[in-house]
Amino acid sequence: MTKWEWSKLRSGKKKRAPQIEINRVPDQFTEQHGDKRITGDLEQTIAFVNGLLGDNGDFMQRRFDVFGAFPAVMFSFSNMSDTALVNTDILKPLMHVPAHLTGIQFDVHELKDVILRDTLYHGKASSDDRFAMIVESLLRGGTVIVVDGMDEAIMVETTKVEKRAIDQPETEQVIRGPREGFIEQLGTNLSLLRYRLPTTDLKIKSMKLGRVTKSRVAVCYLKGIVSDALVQEVENRLSVIDIDGVLDVGYLEQFIEDNNFSPFPQVQNTERTDKAVANLLEGRVVILVDGSPFALIVPTVFNQFYQTTEDYSERFVMVSFIRLARLLALAFSLITPSLYVAIIAFNPELIPTKFAVAVSGGRAGIPFPSVVEVLMMEASMEVLREATLRLPQQIGGALSIVGVLVVGQAAVSAGFVSPITVVVIALTTIGSFATPAYNAALALRLLRFPLVILAAMFGLYGVMVGLILIANHLLSLRSFGVPYLSPVVPGNFDSMKDTVARAPLWSMKKRPAMLHTPNDDRVGGSVMDELKEPPHNTLDPLKVGNHKEEMKIGISSSNNGDTGGSDSH
Amino acid sequence: MERTRRTQARLLLVFVLAVPLLSGCWDRQEIEQRAVVLGVGIDVASEQTVNKNEGEVSHLRGSFPEPETGNIRVTMQIAVPGRIPLGPGVSGSGGGGGGAGGQNTVWVVDGFGQTINDALNNMQQSVALPLFYGHLRVIVISEAVAKKGIQNLNDFLRRNPEIRRMTWMVVSRGKAAEVMRLRRSSSVCRRFT
Amino acid sequence: MEYPRQITAIQAAAILISTIIGVGVLPLPLFAVRDGNSGAPLLTLLGGIIAYIGIWIITKLGIRFPRQSIILYSEAVLGKWTAWIGNVLIIGFFAFLTALAAREFGEVVITSVLKRTPLEVTVIVMLLMASLSSRNDMTTFAYIHHFYLPLIVFPIVLILALSLKNAQFINLLPVWGNEPSPTDMWRGVLTIAALFQGSFVYTMVIPAMRRPDRAMVAGFWGVFIAGGLYVSTVIAAVGVFGPAETNNLLWPTLELAKATSLPGNILERLDAAFLAVWVTAVFTTLFSTYYFTIHAMSRFFRLRDHKLLAPFILPFLFALAMVPQNVVQMYDIIAIAGRLGLLITIVYPLIVLLVAVIRKKRGDAGNGKDAENAS
């Protein structure tokens, strides 16, 4: 029995347990009028809608006659709908009988079909008789037309909400690679995904979460590449969420992650479209929420937090080296201060004699023990970081200069802290900045405080105890059943090609095994053979004028994971 | 109800377990609060000098007969923090003439006693900070002491976990104390490092 | 390619190695030299072979009953009440082993690095660590051992490699020891074989293995690598210090770390650093035995979950750890208890195996009722 199935069983058991009546998050409208339906009586409808929305300043209702014969009313929120569109595509054809309909007499029962089929020049129009749907359409910026005697209302999607331009994500900048990032509008984000994945396998399942915000959530995956069980589990976990509002995708993250108390993020988020697509291709699921420019990627393993998208664009030797540097930075940000405290206060015999004596001299006038010094500096560093984070960039720069240079220098010359401590804290801080994933860096930033305290109690022994506890925690973490440290533990040679070192793309033939992808071929089987052939040095000066050898176009078979048009699922 | 009680029990457990940890820091001794011993010299001492110089630290004066291996005088080089500059800036200001009040990078301190432990305890009386042998580099034994056998000394030094096994143990032809007092103008604390 | 959720052969071998290599490595050369003189490496080798016989028996049993741990199948084989005695002994012995390992490392720590820290604190920290980690499931148990394996093997290999330049071959001669006395030799072999008996946790690992039929290979490699490291440690310690000096050292391996230094003066000395890294080795051993204790208890009492037992036995283990008055008495107890423990970890399984063969009892691979899943 796999872990996943087991957890499913477990959750199933929980569901069967007698449930206590939960106080539902309130939404008055659906409670009171959940299944109220429209009647043919126009005045009654107007009265009802007015009672519900009429006291809003931006609510607009306009009476008119359809084709000059049927009294009707149009509702919309003026600021959310596109007025020009409403005028030309809705009101004009409705009020002015179109040429092809002149002289024909309709019954009021036929009117709905005539309007939808023959009159409106708008792609997204539908009809419904439930007030719940009508009101929701209105609230999302739609335009609703009710005609006297017609027992259904016509809803036209005329939403026009301002959106910002697609630009480079601030949090994940790259030197090489695409520059576009997600924005707040879900529709745009989905279009960005579709633009990169023109395949029938890209499935986007949507649901609405949040009783008040009714945020649209899109679960995206590549059918045939992702494990079906994973998609099912993601949907299961999402569907049980019951909250008043989902303002950011981070809200969802906290509901679907495996361990809420862990400092480590078990769900990755990204603003980058290419990163989301790359993860889809590896067999992960991407979750988007309307109103949030971040996408969630599940399942996540620890490795992903020190990898960036440009790692796959640059040459693999350099990337492996850079990743090593990042890992070093990660280690720095976690253990430098505690190692410093342990060595200075417990085991000075570990450092070279000259240095030990020098350090001892540097610390001679310091009134505090090293642990207090380090904790103080760390705390002020955190404050400084938090302060510069929220300030406008111009002031932020100035503040960081004041904070780091002036205060640091002054603190040293005032005999408040020792110069070595400043170096150590600087190393730590820089280390934590070098981690690509902000949330992972945050976890390590937090964890180094207990480590420092352990170091102050037990020296190196304490540091080691702390590290073991952290490592054990990491080893016991799972993200949707995937062990957090895979593919290192449990080891998988093929997937380990993309951990600290990144193997060349052509050698990573399989998708990560930990994701249990039904289709795990990433690179075509014959790539290596073709690459190994002697190069055609076409422009070699010796060969100029020679006949160009026949070359195949493209290096891999065209269906790496894409079943193409034949969507057999 | 059940849940709160469990939470309370857990919290209680955490607090109980935290108590022994909170009283921690038994071994914390900052580097600047340690007297870093760089070298130790061991000489024989006459009973008179010992009696004159020995504080009544480990035993009352004259209450113990002189041991077979004779009395001991220990001379120690202790690094003076702050005299060795951080970085290459002001180098070699120490050493020099080496006279009184000069910028000595090391203190040389004497201690007398019937055994080495005795002598070290006595020496601790004249040094404010606890002696720290982690950086001890050389142990100089005068010929006179060596002739009497160094088994005792060796055993004592080996049992101290601070002293590394890589420490040199050398025998000097003259007095070990003189070796400890040797100075060279270019040395900072590098004499034995 | 489906990745296995359960323990692989490599992980099983890792569990064995990291369980066997623990705090016992520190006094190991002393134990070997005390009874074997310069024949210490030979003694260690023989101890390893005895330990391997133990593993072989356990593995045979494990393959015979691939879905149960010894607590359950011994009942099927020996009958409920006979097995009951054996099981109580096993649980008690492993509790004792855990306590002594924690105590031993506590002594090492307070002797060489944290001189003013109370023994109780270091012991309780180790036990607490093991207790916290024992709340995990069997898969995580395997992951933890797998993860720490390099951290255990690397420092010891490093120390051995660095100390080679100080070693003298002459110290190892004659290989059978000076004036070997069979009683001493025999005692020494048993003492050293007792250092391997953490490997008894294998009885708990085999039922959780993906392919119990590969347990034999994994068991061989686990004992082979651990035994190889043991023998090399003894060779290095005796080679560097000589038998006479080794006899004077309580923890010769630690002294070995003190006597070596890294080229380039990155660290001035290795002992404190070695001891810090060695915390992981001790932790994995402690973790294994602790986990085994509560796992066996949960099977014994037919509990579904072992998690609740983890904090429950902590005070008892702590009290057990505090039984020896001092380090000398502790080592006496360890030597005696270890040799007696061989009765439990080797002779008892042998009896079970023999009876099983005679009574033709065989575990049903598809026996779902008593089956232990990976939890």
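Structure notes:
- Within the stretch A:330-385, if we keep just the residues that are among the small types (Gly, Ala, Ser), facing another protein chain (nearest Cβ under 10 Å) and under 16 Å from A:Met457 (Cα atoms), the residue that is surrounded by the fewest Cβ atoms within 10 Å (Cβ to Cβ) turns out to be A:Ala345.
- Only a single item in (1) surrounded by 15 or more Cβ atoms within 10 Å (Cβ to Cβ); (2) on the phi > 0 side of the Ramachandran plot is not met by C:Arg302, and it is number (1).
- Any hit, the stretch C:160-177, residues being of a type in the set (D, E, K, R) and in a loop (DSSP other than H, G, I, E, B): no
- Residue in the stretch C:180-187 that is buried (at least 24 other Cβ atoms within 10 Å of the Cβ) and either assigned to a loop (DSSP other than H, G, I, E, B) or free of Cβ contacts under 8 Å to residues at least 24 places away in the same chain (or both) present: no
- Answer from A:Gln268, A:Gln254 - the residue that is under 30 Å from A:Leu330 (Cα atoms), surrounded by fewer than 17 Cβ atoms within 10 Å (Cβ to Cβ) and under 16 Å from the mean Cα position of the chain (by Cα): A:Gln254
- Check on A:Ala411, small (Gly, Ala, Ser) and either surrounded by fewer than 12 Cβ atoms within 10 Å (Cβ to Cβ) or under 30 Å from B:Pro81 (Cα atoms) (or both): yes
- Among the conditions (1) surrounded by 20 or more Cβ atoms within 10 Å (Cβ to Cβ); (2) out of contact with any strand residue (DSSP E or B) (no Cβ under 9 Å at 6 or more places or on another chain); (3) of a type outside the set (D, E, K, R); (4) outside any loop (DSSP other than H, G, I, E, B), the only one that C:Ser232 does not satisfy is (1).
- Exclusive hit being buried (at least 17 other Cβ atoms within 10 Å of the Cβ) and at pLDDT below 90, set A:Leu281, A:Leu209: A:Leu209
- Qualifying residue in the stretch A:442-450 (condition: at pLDDT below 85, surrounded by 15 or more Cβ atoms within 10 Å (Cβ to Cβ) and part of a helix (DSSP H, G or I)): no
- Each residue in the stretch A:418-449 was checked for being within 24 Å of C:Phe141 (Cβ to Cβ) and within 12 Å of chain B (Cβ to nearest Cβ), and 0 pass.
- Tabulated pairs, the stretch B:164-189, first within 13 Å of B:Ile141 (Cα to Cα) and of a type in the set (A, V, I, L, M, F, W, C), second part of a strand (DSSP E or B) and at pLDDT below 85, C-beta under 9 angstrom, 6+ apart or interchain: B:Met180/B:Val106
- Pair list, Cβ under 7 Å, 6 or more apart: the stretch A:258-281 residue under 22 Å from A:Ala443 (Cα atoms) and free of Cβ contacts under 8 Å to residues at least 40 places away in the same chain, other residue part of a helix (DSSP H, G or I) and not small (Gly, Ala, Ser): A:Asn260/A:Gln254
- Out of C:Ile266, C:Ile225, sole residue that is surrounded by fewer than 19 Cβ atoms within 10 Å (Cβ to Cβ), within 26 Å of C:Ser112 (Cα to Cα) and either of a type in the set (Lys, Arg) or away from chain B (no Cβ under 14 Å) (or both): C:Ile266
- When the stretch A:142-154 is filtered for residues that are closer than 21 Å to A:Gln185 by Cα and not in a loop (DSSP other than H, G, I, E, B), only A:Thr143 remains.
- The stretch A:217-256, residues that are in contact with a His (Cβ under 8 Å, 6 or more places away or on another chain) and part of a loop (DSSP other than H, G, I, E, B): A:Lys223, A:Gly224, A:Ser227
- Evaluated against (1) within 14 Å of chain B (Cβ to nearest Cβ); (2) assigned to a helix (DSSP H, G or I), C:Ile49 falls short on exactly one condition, (1).
- Any hit, the stretch A:204-222, residues being touching a Cys at 6+ places or on another chain (Cβ under 7 Å) and of a type in the set (A, V, I, L, M, F, W, C): yes
- For the criterion of being surrounded by 20 or more Cβ atoms within 10 Å (Cβ to Cβ), in the same structural domain as A:Ile344 (by TED's automatic domain parsing) and either touching a residue at least 40 places away in the same chain (Cβ under 8 Å) or in contact with a helix residue (DSSP H, G or I) (Cβ under 7 Å, 6 or more places away or on another chain) (or both), A:Leu460 passes.
- When A:Ile322, A:Ile395 are checked against the criterion of being free of Cβ contacts under 8 Å to residues at least 12 places away in the same chain, part of a helix (DSSP H, G or I), closer than 30 Å to A:Arg502 by Cα and more than 14 Å from chain B (Cβ to nearest Cβ), A:Ile322 stands alone in meeting it.
- For the stretch C:251-263, taking the residues that are assigned to a loop (DSSP other than H, G, I, E, B) and surrounded by 16 or more Cβ atoms within 10 Å (Cβ to Cβ), the one that is farthest from the other protein chains (Cβ to nearest Cβ) is identified as C:Trp251.
- Evaluation of A:Pro198 against the conditions (1) more than 27 Å from A:Val246 (Cα to Cα); (2) in contact (Cβ under 8 Å) with a residue 24 or more places away in the chain; (3) not in a strand (DSSP E or B) shows that the sole unmet condition is (2).
- Of all residues in the stretch C:266-322, those satisfying the criterion of being assigned to a loop (DSSP other than H, G, I, E, B) and free of Cβ contacts under 8 Å to residues at least 40 places away in the same chain are C:Ile266, C:Leu267, C:Glu268, C:Arg269, C:Phe301, C:Arg302, C:Leu303, C:Arg304, C:Leu308.
A quick yes/no check of all residues on (1) within 30 Å of the chain's Cα centre (by Cα); (2) more than 24 Å from A:Ala325 (Cβ to Cβ):
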site	(1), (2)
A:Gly365	no, yes
A:Ser370	no, yes
A:Glu373	no, yes
A:Ser380	no, yes
A:Glu386	yes, yes
A:Gln394	yes, yes
A:Gly403	no, yes
A:Val417	no, yes
A:Phe433	yes, no
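- Residue list for the stretch C:81-118, restricted to those being free of Cβ contacts under 8 Å to residues at least 40 places away in the same chain and within 14 Å of chain B (Cβ to nearest Cβ): C:Ile110, C:Leu114, C:Lys115, C:Arg116, C:Thr117, C:Pro118
For every residue, the table says whether it meets (1) more than 14 Å from chain B (Cβ to nearest Cβ); (2) in a loop (DSSP other than H, G, I, E, B); (3) more than 29 Å from the chain's Cα centre (by Cα); (4) β-branched (Val, Ile, Thr).
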residue	(1), (2), (3), (4)
A:Leu460	no, no, yes, no
A:Gly466	no, no, yes, no
A:Asn472	yes, no, no, no
A:Pro487	yes, yes, no, no
A:Asn492	yes, yes, no, no
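- Sub-7 Å Cβ pairs linking a first residue in the stretch A:508-533 that is within 11 Å of chain C (Cβ to nearest Cβ) and more than 25 Å from A:Val488 (Cβ to Cβ) to a second residue that is crowded, with 18+ Cβ neighbours inside 10 Å and of a type in the set (Gly, Ala, Ser), at least 6 apart or interchain, number zero.
The values are calculated or read from the model by the stated rules, or taken from the named source; none is laboratory data. Quantities reported herein were computed from a predicted structural model and do not represent experimental measurements. Quick reminder, even Gly has a Cβ in these numbers, built from the backbone with ideal geometry, and neighbours come from all protein chains shown.
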